[in-house]
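The next block holds one structure in the form of structure tokens; read it before the comments.
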């Protein structure tokens, strides 16, 4: 595997998680944020997660210290110049992603592999925006990254075979199980999951059952770890609404269309856990 040095664009929830698993697996890692405040917050999240792992006996203190020694934060694109793999984990906006790809392209070597953690945008349009489509691939991690084992590896028509081989080996090296996906909106998981979540909201709208009973039915009847409304609140109703709209624009099928109730809750600021209230009132918990 040619990947030794890793760069991460964005140190939010996903970016910090990707950086954490990379340093724990022994990779020299640089994570870049737009300003020092956001960088400090993200780096603090990584340290806190590693500290918690030590407290729970899942990680030796010496291994935590070694992992942190392999981690460096920056606000400069130039610090990514020597990276072998750079994973972008910023806002789901094509224009913003294109800007960071251009900045990376100005400093990174010709052989660098560029990857996006996008969960809904097509990788092809991002690859073309990067100006390096043969070296571009989708690496969709799942939240929380240190816990979830899956990574969706998404190649486009232009992706070099060697790039796919290298990123699959990288995923295994950081303890993840990669699955191969065609480049279509939603890939495997969201293409199947989003219609299920939207159908649950439609069932609620139609009076099929209460929030609590629908959740309980899917947990006990299907063996799911959590019901659809608990999951919606965890993922974020605003995030689900955004992804559903992107997928509806792509496929033009009713099953991807956001129900009116979802739109109204997002408009009302009821995003789920992040805002304190969604289908459940989390402020009381």
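Conditions (1) modelled with pLDDT under 95; (2) under 21 Å from the mean Cα position of the chain (by Cα), marked per residue:
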position: 166; (1), (2): no, yes
position: 180; (1), (2): no, yes
position: 207; (1), (2): no, no
position: 213; (1), (2): no, no
position: 219; (1), (2): no, no
position: 229; (1), (2): no, yes
position: 239; (1), (2): yes, yes
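Exactly one residue among 133, 144 is touching a helix residue (DSSP H, G or I) at 6+ places or on another chain (Cβ under 8 Å) and in contact (Cβ under 8 Å) with a residue 40 or more places away in the chain, and that residue is 144.
Conditions tested, residue by residue: (1) surrounded by 15 or more Cβ atoms within 10 Å (Cβ to Cβ); (2) in contact with a strand residue (DSSP E or B) (Cβ under 7 Å, 6 or more places away or on another chain); (3) without any contact (Cβ under 8 Å) to a residue 60 or more places away in the chain.
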{"position": "239", "(1), (2), (3)": "yes, no, yes"}
{"position": "246", "(1), (2), (3)": "yes, no, no"}
{"position": "253", "(1), (2), (3)": "no, no, yes"}
{"position": "256", "(1), (2), (3)": "yes, no, no"}
{"position": "260", "(1), (2), (3)": "no, no, yes"}
{"position": "264", "(1), (2), (3)": "no, no, yes"}
{"position": "273", "(1), (2), (3)": "yes, no, yes"}
{"position": "278", "(1), (2), (3)": "yes, yes, yes"}
{"position": "283", "(1), (2), (3)": "no, yes, yes"}
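Please verify whether the stretch 165-179 includes one or more residues that are without any contact (Cβ under 8 Å) to a residue 24 or more places away in the chain and touching a strand residue (DSSP E or B) at 6+ places or on another chain (Cβ under 6 Å). Yes, that holds for at least one residue. Scanning the stretch 129-164 for residues that are more than 22 Å from residue 29 (Cβ to Cβ) and modelled with pLDDT under 95 yields 129, 131. For the stretch 39-54, the criterion of being part of a loop (DSSP other than H, G, I, E, B) and either within 18 Å of the chain's Cα centre (by Cα) or on the phi < 0 side of the Ramachandran plot (or both) is met by none of the residues.
This table checks each residue for (1) part of a strand (DSSP E or B); (2) closer than 16 Å to residue 23 by Cα; (3) free of Cβ contacts under 8 Å to residues at least 40 places away in the same chain.
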{"site": "67", "(1), (2), (3)": "no, yes, no"}
{"site": "78", "(1), (2), (3)": "no, no, yes"}
{"site": "87", "(1), (2), (3)": "yes, yes, no"}
{"site": "97", "(1), (2), (3)": "no, no, yes"}
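Could you please find all residues in the stretch 47-71 being in contact with a strand residue (DSSP E or B) (Cβ under 7 Å, 6 or more places away or on another chain) and either within 13 Å of residue 10 (Cα to Cα) or crowded, with 20+ Cβ neighbours inside 10 Å (or both)? Within the stretch 47-71, just 71 meets the criteria. Residue under question is residue 92, and the condition is that it be touching a helix residue (DSSP H, G or I) at 6+ places or on another chain (Cβ under 9 Å) and either in contact (Cβ under 8 Å) with a residue 12 or more places away in the chain or surrounded by 14 or more Cβ atoms within 10 Å (Cβ to Cβ) (or both); does it hold? Taking the combined requirement at face value, the residue satisfies it.
Filter the strands (runs of 3 or more DSSP E) completely within the stretch 99-214 down to those with at least 3 residues that are outside the structural domain of residue 58 (by TED's automatic domain parsing) and surrounded by fewer than 16 Cβ atoms within 10 Å (Cβ to Cβ).
none
The values are calculated or read from the model by the stated rules, or taken from the named source; none is laboratory data. What you see is a predicted model, and the numbers here were worked out from it, not measured in a lab. Cβ atoms come from the backbone with ideal geometry, glycine included; neighbour counts cover every protein chain shown.
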